[in-house]
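The values are calculated or read from the model by the stated rules, or taken from the named source; none is laboratory data. Small disclaimer: the values here were computed from a predicted structure and weren't measured. Every residue, glycine as well, gets a Cβ built from its backbone with ideal geometry; the counts of neighbours run over all protein chains shown. Surface accessibility is based on the protein's heavy atoms, side chains included, excluding ligands, DNA and RNA. Shrake-Rupley method; radii C 1.70, N 1.55, O 1.52, S 1.80 Å.
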Amino acid sequence: MKRRPALVIAGAVAVVVAGLVAVLATRSPALTKVAESPLIGNIAPEVRGNGLDGTPVRLSDFRGKFVVLNFFATWCIPCRQEHPELIKFAEQHKDGNARVLQVIFDDTPSAVRDFVERQPVSWPIIDDPDGQVALDFGVRGPPESFLLGPDGTVLFKIVGRVDAAGLNRLIDQVTR
Amino acid sequence: MRRWLPWLALLLVVIGALFVGTRGDDAPETAAERTERVAKGVRCPTCQKLSAAESDAAAAKAVRLAIRRDVDAGRSDSEIRARLAARYGRDIILTPDSSGVSGLVWVLPVAGGVVAAGALALRIGRRRPSWVVGGGIAAVAVIAGFLVANGAGQRLPDDAITGSIEQTSGNRLAVARQQIADGELVEALKTYDSILGEDPENVEALAYRGWIVRLAGLSDDALGYIDRAIAADPTYPDARFFKGMILFRDKNDPAGAIPEFRAFLEHASPGERTAAVEEQLRQAEAAASGAS
């Protein structure tokens, strides 16, 4: 009679530990780190600025399409590493329902121009000299990206470099 | 009557503390002073150990600018903090309000402690332990602790207890590199500190710790670490790049940066990073020749 409680407790602990091992061992590694943000589920703050060519750009002009809003800097190595993936993503969706919009974070338009001359992009890049666009989105440091829905809702925040496959998976998650 | 005198004294202490705590500071302050005061209670978004008032990181400057604009627009401290929390999350707030009803979070634990200590002293003096007194003391302690814990600002992400597997320096460096790639700079800083605790001359840890500190806006501190890395191994290319960037971008010394960028290119393997540094070298040379 005295051994029963101990056996029951030991059995319960074993079940819990086995469950934890099963969960942790079978989790797939995150290719993109989706993070929390108070903006998720809300309409994204408006972004207004001029592209590198001086053309006025507004985030609300992209309504009707998914938008990858990406904050980056040329001095940021992960930003440079994800750049080809953003090009790939934009190419995959050039006739479709997704676009890319970049915002410069703590960098100069001239440095960015030099960078994109070597790796041309098809999307607008907005300067944010006083960091207020980054603040409006709660960006702590590049690279950070937001996936916005066609209605302008903030769907996901991704901290760290993104890749085309990960972005496509997030869009599939929403459109399924 | 004399029996009630100690309780009356305690009551006066509590009322006095509540009155002082909720009144707040009525001294007028300039917009700049108020901006700095509010900024001291907000965490730097990038370098979370510093306040937005102390840090020179780009995100901290943006926060100070936003605070100033809100101050000029006539928003209250609470509104300003709420607007920042609505963007960054509650953990951006370092300290709760110190006036008004929120100020009770500072006062109640003290007042509660005074009441509890006084009641305990009285009861012990009578040598009659009472479950009522004990329960009251426990209740005050719990409420005070809850108020302090709830109102003292969010725990930092890096203060949370997490499990970790004992790792060698080699794979901890790999962990740190991945943390940087994932934007987890605070975690990377901790990893590098753990490496340097065992191997103070680890070149990669010194160089990258310095770079993270530079990203937090502390260029002089960053140079200290990076110079140690260079002293340990002058051929380690990343340290030369980091030093070049600090001299060029932060210290406005393109002439000083040029030999650092050249040292990187001399020792680094060709690749993506080479192209980035070549670009910086070109800009530094242009800036240096423009200045001369």
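Can you give the FRET efficiency for A:Glu36 and B:Trp4, using 1/(1 + (r/R0)^6), R0 = 60 Å, r = Cβ-Cβ distance, to the nearest 0.05?
With a Förster radius of 60 Å, E is 0.65.
If you average the alpha carbon positions of the range B:174-200 and of the range A:109-154, how far apart do those two centres end up, in angstrom?
About 27 Å separates the Cα centre of the range B:174-200 from the one of the range A:109-154.
Given points 7 Å out from each Cα along the Cα-Cβ axis, report the B:Ser78 to A:Asp151 separation in nanometres with one decimal.
Roughly 3.2 nm, to one decimal.
Quickly work out the B:His267-to-A:Lys65 label distance, labels modelled 7 Å from Cα along the C-beta direction, and quote it in nm with one decimal.
4.5 nm
Could you pull out the GluC sites (Glu not before Pro) across the range B:186-251 that fall in loop regions by DSSP (anything but H, G, I, E, B) with no more than 16 other Cβ atoms inside 10 Å?
B:Glu201
Could you state how much accessible area is buried at the A-B interface, both sides summed, with a 1.4 Å probe, in Å² to the nearest 100?
Roughly 2500 Å² of accessible surface disappears when A and B pair.
Between A:Ser122 and B:Leu65, what FRET efficiency comes out of the Förster formula 1/(1 + (r/R0)^6) with R0 = 25 Å and r the beta carbon distance, rounded to 0.05?
For R0 = 25 Å, the calculated efficiency reads 0.20.
With r as the distance between the Cβ atoms of B:Ala174 and A:Asp172 and R0 = 30 Å, compute the FRET efficiency 1/(1 + (r/R0)^6) and round to 0.05.
0.45
Work out the charge dipole of the range A:80-176 with +1 on the Cβ of Lys and Arg and -1 on the Cβ of Asp and Glu about the Cα centre, then indicate which of A:Ile87, A:Pro124, A:Val103 is farthest towards its positive end.
Of the candidates, A:Ile87 comes out farthest on the positive side.
Can you list the residues of the range A:137-163 that have at least 40 square angstrom less accessible area with all protein chains present than in their chain by itself, probe 1.4 Å?
Those residues are A:Arg140, A:Arg161.
Accessible area per residue of the range A:118-176 at 1.4 Å probe, in Å²?
Counting only protein heavy atoms, the per-residue value for the range A:118-176 is 36 Å².
Taking the Cα atoms only, what angle lies between the long axis of helix A:3-26 and the longest principal axis of chain A, rounded to 10 degrees?
For helix A:3-26, the angle is close to 20 degrees.
From the square roots a ≥ b ≥ c of the eigenvalues of the alpha-carbon gyration tensor of the range B:201-292, which class results: rounded (a/c under 1.5), prolate (a/b over b/c), or oblate?
oblate
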